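**Student:** Questions regarding the structure given below will be posed in turn.
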Amino acid sequence: MAIPTYFLGVTVHEGSHALAAKLVGAEIRELELLPHVSRGKFYFGRVSVVGLRGRGERTFFYIAPKISDLVVMGGYSL
């Protein structure tokens, strides 16, 4: 994967999580878009969020990148 494509993909993916969190009223503590090691684990990117209430909000937060993928792929296929 080309480096610009990689960074665009990580930005869209993590940005989707962040946008979903904001839409449901959660607070974003951290948004990291660069690869890093934190707490002994490797991350390509990460969003730290506080304030997701209930299963529905957490589910929306976790599937948000799939929704953005559908929009991008749908636009591409048109």
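The values are calculated or read from the model by the stated rules, or taken from the named source; none is laboratory data. Model, not experiment: these values are computed from the prediction. Counting neighbours? That spans all protein chains shown, and the Cβs are built from the backbone with ideal geometry, glycine included. The accessibility values were calculated without ligands, DNA or RNA, using every heavy atom of the protein model including side chains. Shrake-Rupley method; radii C 1.70, N 1.55, O 1.52, S 1.80 Å.
**Student:** Starting from residues that are over 8 Å from the mean Cα position of the chain (by Cα) and of a type in the set (D, E, K, R), keep the ones in the stretch 6-31 and report whichever is most open to solvent (accessible area, probe 1.4 Å).
**Tutor:** 29
**Student:** Which condition number does residue 67 fail, the rest of (1) surrounded by 12 or more Cβ atoms within 10 Å (Cβ to Cβ); (2) assigned to a loop (DSSP other than H, G, I, E, B); (3) hydrophobic (A, V, I, L, M, F, W, C) being met?
**Tutor:** Condition (2) is where residue 67 drops out.
Matching residues to (1) of a type in the set (A, V, I, L, M); (2) in contact with a strand residue (DSSP E or B) (Cβ under 9 Å, 6 or more places away or on another chain); (3) modelled with pLDDT under 95:
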| position | (1), (2), (3) |
| --- | --- |
| 3 | yes, no, yes |
| 8 | yes, no, yes |
| 22 | no, yes, no |
| 26 | yes, yes, no |
| 39 | no, no, yes |
| 42 | no, yes, no |
| 54 | no, no, no |
| 62 | no, no, no |
| 78 | yes, no, yes |
